Amino acid sequence: MADPFYALVTGASSGIGAALARALARRGRRLVVTGRNLERLEKLAAETRPAAGDVRIVLADLRAETGPDQIEEYLAREGLQVDLLVNNAGFGAGGDFAALPIARQLEMLDVNMRSLAELTHRHLVRMRKRGAGAILNVASTAAFQAVPYMAAYAASKAFVLHLSLGLWEENRHTGVHVMALCPGTTRTGFFAVSGIAMDGPYIETPEQVAEAALRALARRRPILVCGWPNRAMVALERLLPRRWVVMAAARYMRKRTTAALG
Ligand SMILES: NC(=O)c1ccc[n+]([C@@H]2O[C@H](COP(=O)([O-])OP(=O)(O)OC[C@H]3O[C@@H](n4cnc5c(N)ncnc54)[C@H](OP(=O)(O)O)[C@@H]3O)[C@@H](O)[C@H]2O)c1
């Protein structure tokens, strides 16, 4: 009998989410891909369908409280079961917290945290009943420290990291695996959306991130920081006084923030 389960990928219309969807399709996984950009999702579905077998599209705006409901209603209507949830949708807002519109920042927190928590809860309950499943939450290397001029974004990713690690331990003996993925700078549309220049000494491609993520997931790792330079940076940051790290991050961000600096 064919595998009745699907991998659900949020934010699959571009960047890391699209690369994850392609990497899952190459492994023969059926997909439910979500986002707001129908044209890009249709292109992705046409490209991945031969390998995946079945690729479904759900349009949902995860800024809205009804976003997760739209995804859930589709799954229920179609009778689809999800055994891998990839919470990847997210965006940043670069600039001085006080100078940036609060409405935009609250929308970001709704996508990065509220919708992620809601989808995680809904699927975790069902996966626990079945005693199997996996949830891959996309955090960031920004989750390990405060990042001035991207303060609310970094805080939202700290939430994702800590929620995921807490749930990894809570579910370790239930058959459900939860993993936090922490990419560093990755060549995607993220920077244009966030108002930050994309540069740095080490930049990965979304394909590198996706392949490494799926390898780590297969090994049931609780966390993956992508790329050894990023792992070294995270390790070093933990040894230094927090204020030094934050002051260095401020210098770095001031040069790269193209939006309001206050
Ligand atoms: N690029 C990096 O350097 C980097 C580093 C660390 C972590 N990350 C994280 O990686 C994840 C993917 O980002 P990316 O780098 O691949 O950027 P991206 O290319 O801009 O992709 C972001 C994805 O999120 C979706 N999204 C944004 N707002 C949404 C909304 N309101 N409702 C539903 N979906 C929404 C977008 O889909 P639609 O536009 O179709 O809605 C898009 O598919 C994010 O969580 C980001 O924080 C990125």
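Being of a type in the set (A, V, I, L, M) and away from the ligand (no atom under 12 Å from the Cβ) is true of ALA146.
Note on segment 43-62: among residues that are hydrophobic (A, V, I, L, M, F, W, C) and not in a helix (DSSP H, G or I), the one that is surrounded by the fewest Cβ atoms within 10 Å (Cβ to Cβ) is LEU59. Across segment 233-244, the qualifying residues are those that are part of a helix (DSSP H, G or I) and either out of contact with any Phe, Trp or Tyr (no Cβ under 9 Å at 6 or more places or on another chain) or of a type in the set (Lys, Arg) (or both), and the one among them that is farthest from GLY92 (Cα to Cα) is LEU239. Close Cβ contacts (under 6 Å, 6 or more residues apart or on different chains) running from residues in segment 87-98 that are closer than 25 Å to THR34 by Cα and hydrophobic (A, V, I, L, M, F, W, C) to residues that are within 11 Å of the ligand (Cβ to nearest atom) and in a loop (DSSP other than H, G, I, E, B) comprise ALA89/THR10; ALA89/GLY11; ALA89/LEU62. For the residues ARG220, ARG187, the requirement of being under 20 Å from the mean Cα position of the chain (by Cα) and on the phi > 0 side of the Ramachandran plot singles out ARG220. Selection over segment 35-60 of residues that are near the ligand (Cβ under 10 Å from one of its atoms) and not aliphatic (A, V, I, L, M) gives a count of 5. Per this entry, GLY79 is not counted among residues that are surrounded by 15 or more Cβ atoms within 10 Å (Cβ to Cβ) and modelled with pLDDT of 95 or more.
Whether a residue is loosely packed, with under 15 Cβ neighbours inside 10 Å, in contact with a strand residue (DSSP E or B) (Cβ under 7 Å, 6 or more places away or on another chain) and modelled with pLDDT of 95 or more was assessed, and LEU8 does not pass this test.
Anything in segment 176-222 that is crowded, with 18+ Cβ neighbours inside 10 Å, away from the ligand (no atom under 11 Å from the Cβ) and under 16 Å from MET150 (Cα atoms)? List them, or say none. Of everything in segment 176-222, just one residue is crowded, with 18+ Cβ neighbours inside 10 Å, away from the ligand (no atom under 11 Å from the Cβ) and under 16 Å from MET150 (Cα atoms), namely GLY195.
With respect to VAL32, determine if the residue is of a type in the set (A, V, I, L, M, F, W, C), touching a residue at least 12 places away in the same chain (Cβ under 8 Å), within 12 Å of the ligand (Cβ to nearest atom) and within 28 Å of ASN171 (Cβ to Cβ). Taking the combined requirement at face value, the residue does not satisfy it. A single entry from LEU119, LEU124, LEU106 fulfils the requirement of being over 12 Å from the mean Cα position of the chain (by Cα) and surrounded by 20 or more Cβ atoms within 10 Å (Cβ to Cβ): LEU119. Candidates in segment 87-120 are the residues that are touching a Leu at 6+ places or on another chain (Cβ under 6 Å) and small (Gly, Ala, Ser); of these, the one that is nearest to the ligand (Cβ to nearest atom) is ALA89. Return the residue satisfying two criteria in turn: it lies in segment 149-175 and is within 9 Å of the ligand (Cβ to nearest atom) and of a type outside the set (A, V, I, L, M), and of such residues it is nearest to the chain's Cα centre (by Cα). Checked segment 149-175; the qualifying residue nearest to the chain's Cα centre (by Cα) is LYS157.
Filtering segment 224-237 to residues that are surrounded by 11 or more Cβ atoms within 10 Å (Cβ to Cβ) and out of contact with any strand residue (DSSP E or B) (no Cβ under 8 Å at 6 or more places or on another chain) leaves PRO229, ALA232, MET233, ALA235, GLU237.
On the basis of being away from the ligand (no atom under 16 Å from the Cβ), farther than 30 Å from THR257 by Cβ and touching a residue at least 40 places away in the same chain (Cβ under 8 Å), does ASP83 make the cut? Here the answer is yes, as ASP83 does meet what is asked.
The values are calculated or read from the model by the stated rules, or taken from the named source; none is laboratory data. On a predicted model such as this, the values are computed, not experimentally measured, just so you know. Methodologically, a virtual Cβ is constructed for each residue, glycine included, from the backbone with ideal geometry; neighbour enumeration extends over all protein chains shown.
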